[in-house]
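Taking it in order: structure first as structure tokens, then the write-up.
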Amino acid sequence: MTDSIKPAFDFDGTLPHLPADKRAELARALTILFEEFEDVRTTASSAPKKLARIQHVILFGSFAKGTWVEDHKSGYMSDYDLLVVVSSEFATDYGTYWYKAEERLLRDHKIGREVNFIVHSLSEVNNKLNEGQYFFSDIRREGIALYELSREKRLADPATVDKAATKQRAREYFDQYFPQIASALSGTDHFIKENHLKDAAFMLHQATERAYNCFLLVHTLYSPPSHNIKFLRSLAEDIDADLIGAWPRAGKQDRAAFELLKRTYIDARYSPKFDVTKDQLEWLVQHTRTLEATVKTACEKKLGG
């Protein structure tokens, strides 16, 4: 017999800095995460998988800090960012435990913005905290716990970092990853000239993904294992608002163009219905180059500080 853990979430008495509609959206988001995780866990065939648990859910980013943005004129809207901490490494597997939750969160009409979540095991998060890793240390200090299974399975306190070693590591990330942006853009240009537009779109997605990965690694020494460039964009823009200007989003066509680029990672390779025009690609290339230049400036500023 396997016990099911599906908590009822109600944040009306908590999260006082958030309006009621946003507290309700977060409660709905956690309900979906737990429902899908529990459906997998309780039907698992092995005992270890049946014993897997969600141990912590932490809200981080702009909604935790109270700095979220809703700019209807520009179209910029902050996303919800969640860290889900699970008991075992195998429970982090996206294809087994989390893909249905992500799909439901994208479609749910009761949630008016995107919900981004990353999943790591408790041991991995605590190892990172014991190393003083910036990304998880900031979440530990500034995040808001929305769920905690047991106080006995606590998150570690962040260790003091070696600033010189950290800066050196950030420099190594920049030297390794920044040139890869130009490489992908060069591939994009080549495929456009050869009229291989699907290949061009895929390489342009890679250029964008690499730009955000580079920025996040330099600034936090962490980038999530995700190909979702909208999620990566949200994390990066929450750190440095200068990156927001790379992608216009006030107009419907602007937003649709970025959504097209976001879908490219899968659709350009596997969907026979995927279609992109040279005009769309040229617009996307222009703004990806703006992103590249902005990332370069932001990283050099960080490394020089």
Heavy atoms of Asp71: accessible area, 1.4 Å probe, square angstrom to 10: 60 Å²
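With +1 on the Cβ of every Lys and Arg and -1 on the Cβ of every Asp and Glu, and nothing else charged, how large is the dipole of the chain about its Cα centre, in debye rounded to the nearest 20? Numbers along the way, then the final one.
Working: 42 positive and 45 negative charges, 16 e Å.
Once rounded to the nearest 20, the dipole reads 80 debye.
Compute the accessible area per residue over the chain, keeping the other protein chains in place, probe 1.4 Å, unit Å².
Working: 15050 Å² over 305 residues.
Result: 49 Å² per residue.
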Aspartates and glutamates whose Cα lies under 18 Å from that of Lys128, excluding same-chain neighbours fewer than 8 positions away: Glu89, Asp138, Glu142, Asp157, Asp162
Gain upon complete extension [Arg141, Glu194; 0.36 nm per residue less C-alpha separation]: 14.0 nm
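P(r) tail for the stretch 245-305, what percent of Cα pairs lie past 14 Å?
Working: 1171 of 1830 pairs.
Result for the distance tail: 64 percent.
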Stretchable slack from Asp10 to Val161, in nm (0.36 nm times residue separation minus alpha-carbon distance): 50.7 nm
Among (1) 1.18; (2) 1.04; (3) 1.10, the entry that matches Cα Rg over 2.2 N^0.38 Å as calculated here: (2)
The stretch 88-97 - phi-based ³J(HN,Hα) in whole Hz, Karplus 6.51/-1.76/1.60, Gly and Pro as x: 9, 4, 5, 7, 8, 5, 5, x, 9, 9
Separation of alpha-carbon centers, the stretch 140-206 and the stretch 242-263, rounded to whole Å: 20 Å
The chain: angle of helix 20-42 to the longest principal axis, Cα-based, in degrees nearest 10: 80 degrees
Accessible surface of the stretch 167-305, 1.4 Å probe, proportion on carbon and sulfur as whole %: 49 percent
In Hz, Karplus ³J(HN,Hα) per residue of the stretch 233-247 (6.51, -1.76, 1.60; θ = phi - 60°; x = Gly, Pro): 4, 4, 4, 5, 5, 5, 7, 9, 5, 4, 6, 4, x, 5, 10
Shape metrics for the stretch 138-194, restricted to C-alpha atoms - Rg then Dmax, Å: 20.4, 60
Cα-centre dipole for the stretch 118-205 with unit charges at Cβ (Lys and Arg positive, Asp and Glu negative), debye to 20: 200 debye
Probe 1.4 Å, all protein chains present, accessible-area order of Val57, Val119, largest first: Val119, Val57
Exposure rank, largest accessible area first [Glu142, Glu38; 1.4 Å]: Glu142, Glu38
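Seen from all sides and averaged, what is the projected area of the convex hull of the Cα atoms in the stretch 48-169, in nm²? Let's see the in-between values first.
Values: hull surface 39.1 nm².
Approximately 9.8 nm², given one-decimal rounding.
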Hydrodynamic radius of the stretch 1-49 per Kirkwood, over alpha carbon pairs, in Å: 12.3 Å
Viscosity 1.567 mPa s, temperature 4 °C, Stokes-Einstein D of the stretch 158-305 from Kirkwood C-alpha radius, µm²/s: 82 µm²/s
With DNA, RNA and ligands ignored, accessible area of Thr220 (1.4 Å probe; Å², nearest 10): 10 Å²
Range of Cα positions in the stretch 225-279 per principal axis (Å), largest first: 37, 29, 15
Bridge type composition, the stretch 47-151 - antiparallel percent by DSSP, nearest 5: 65 percent
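The values are calculated or read from the model by the stated rules, or taken from the named source; none is laboratory data. What you see is a predicted model; the values in this text were computed from it and never measured. Reconstructed Cβ throughout: ideal geometry from the backbone, glycine too, with neighbour counts over all protein chains shown. We work out accessible area using only protein heavy atoms, side chains counted, and drop any ligands, DNA or RNA first. Shrake-Rupley method; radii C 1.70, N 1.55, O 1.52, S 1.80 Å.
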